[in-house]
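The values are calculated or read from the model by the stated rules, or taken from the named source; none is laboratory data. The structure presented is a predicted model; accordingly, all values stated were derived computationally and were not measured. Every residue, glycine among them, receives a Cβ derived from its backbone with ideal geometry; neighbour counts consider all protein chains shown. Each accessible area value is taken on the protein alone, full model and side chains, heavy atoms only, with ligands, DNA and RNA left out. Shrake-Rupley method; radii C 1.70, N 1.55, O 1.52, S 1.80 Å.
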Amino acid sequence: MQNNKKESEKHELMVEGRNPVLEALKTNDNIDKLYVQEGVKDGPLVTIVAKAKEKNVMVIPVPKEKLDAMSDTGHHQGAILNLSAIQYAEVEDILARAEERGEKPFIFVLDGIEDPHNLGAIIRSANLAGAHGVIIPKHRAATVNATVAKASAGAVYHTLVAKVTNIAQTIDQLKEKGIWFACADMGGEEMYRCNMTGAIGLVIGNEGNGVSRLVREKCDFVVSIPMKGDIDSLNASVAAGILAWEVVRQNRMK
């Protein structure tokens with residue numbers, strides 16, 4: 001029974017075959033990525049790729065062997081589409097949720113988190129800390145899938161997650177609405193010395209490279225977590241959780 005449940009969940013997140021993929025592209029906005037067989041440029045696949053690009057879906061050419069390994073049916077016909085585990089929100093929806101609650105916006109902005117387990121854990125922390133939403137980039141980062149949903153302990157179904165094309169531009173737009181942004185980085189001011197009350201966005205960077213230079217420059221201040229151990233960094237999701245509860249603590253102390 002448990003295996004059947006897992007298989008069912010997996011099928012709900014993948015569409016295989018040229019006609020099913022094309023129909024999904026025409027009718028479904030809840031799309032993550034399109035994998036196509038590299039080197040194949042016949043009419044149907046060209047049409048599929050064109051439709052995907054029209055809808056700003058990431059297209060990833062891969063060898064036939066990889067598609068074969070991904071396929072559940074064995075009949076992918078050179079195309080496999082990943083559907084997202086959730087319906088993505090808009091940034092405006094996140095602001096609207098804060099307004100509905102009568103609260104200042106509290107937002108997580110993730111700049112290139114690649115590990116789906118980290119993404120799920122961060123979404124879980126965001127939900128439990130009372131954040132109004134999470135913003136992730138459309139490209140070069142993990143997106144919400146079955147692994148993320150599981151790692152979040154179901155929080156993805158109760159947390160607004162917005163996908164944006166450009167993180168730096170999104171920060172600029174939100175700053176115009178009075179939101180301050182704190183960039184998480186080892187070289188910043190200790191979190192206890194930073195004012196993290198009010199309307200705030202926590203910016204968490206890539207697991208290996210941290211926050212990108214451009215995004216960091218857009219932030220209002222850089223915040224760090226004091227550490228005393230023999231290593232100099234924390235897992236991205238752990239750091240996000242610690243900073244989230246510092247936001248909670250400071251707001252409760254007001």
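Brief remarks follow.
- For the chain, cysteines whose Cβ has no other cysteine Cβ within reach (under 4.7 Å): CYS194
- Measuring r between the beta carbons of THR197 and HIS158 and using R0 = 30 Å, the FRET efficiency lands at 0.80.
- Gyration tensor verdict on the range 148-254 (Cα atoms; rounded if a/c is under 1.5, prolate if a/b is larger than b/c, oblate otherwise): rounded
- The fraction of accessible area contributed by carbon and sulfur in the range 70-172 is 46 percent, rounded to a whole number (1.4 Å probe; ligands and nucleic acids excluded).
- Over 25 Å between alpha carbons, listed pairs LYS55/LYS150; LYS51/LYS218; LYS55/LYS218; LYS41/LYS64: LYS55/LYS150; LYS51/LYS218; LYS55/LYS218
- The range 76-117: chymotrypsin sites (Phe, Trp or Tyr not before Pro) falling in loop per DSSP and having at most 12 other Cβ within 10 Å: none
- Listed residues VAL46, VAL156, VAL144, most fluctuating in the chain (Gaussian network, C-alpha, under 10 Å): VAL46
- Computed from backbone phi with θ = phi - 60° and the Karplus coefficients 6.51, -1.76 and 1.60, the 3J(HN,Hα) list for the range 238-254 is 5, 4, 4, x, 4, 5, 4, 6, 5, 4, 4, 4, 5, 5, 6, 7, 4 Hz; x is used for glycine and proline.
- Put a dot 7 Å past the Cα of GLU99, heading toward its Cβ, do the same for ILE242, and the two dots end up 3.6 nm apart.
- Virtual spin-label span in nm between ASN28 and MET186, 7 Å along Cα→Cβ: 4.2 nm
- Taking GluC sites (Glu not before Pro) across the range 51-133, the ones in a DSSP loop with at most 15 further Cβ atoms lying within 10 angstrom of their Cβ are GLU90, GLU103, GLU114.
- Percentage of interatomic Cα-Cα distances in the range 29-181 larger than 27 Å: 31 percent
- Only helical runs count toward this figure. For the chain, summing -39,500 (n - 2.57) over DSSP H runs of n ≥ 4 and dividing by all residues gives -12000 deg cm²/dmol at 222 nm.
- Beta bridge orientation in the chain: antiparallel %, DSSP, nearest 5: 25 percent
- The overall shape of the range 105-157 is oblate: from the C-alpha gyration tensor, with semi-axes ordered a ≥ b ≥ c, the ratio a/c is 1.5 or greater and a/b is no larger than b/c.
- Karplus (6.51, -1.76, 1.60) ³J(HN,Hα), θ = phi - 60°, over the range 213-224, in Hz, Gly and Pro reported as x: 4, 5, 5, 4, 5, 7, 6, 7, 7, 10, 10, 10
- For the chain, the solvent-accessible area works out to 53 Å² per residue, with a probe of 1.4 Å and every protein chain left in place.
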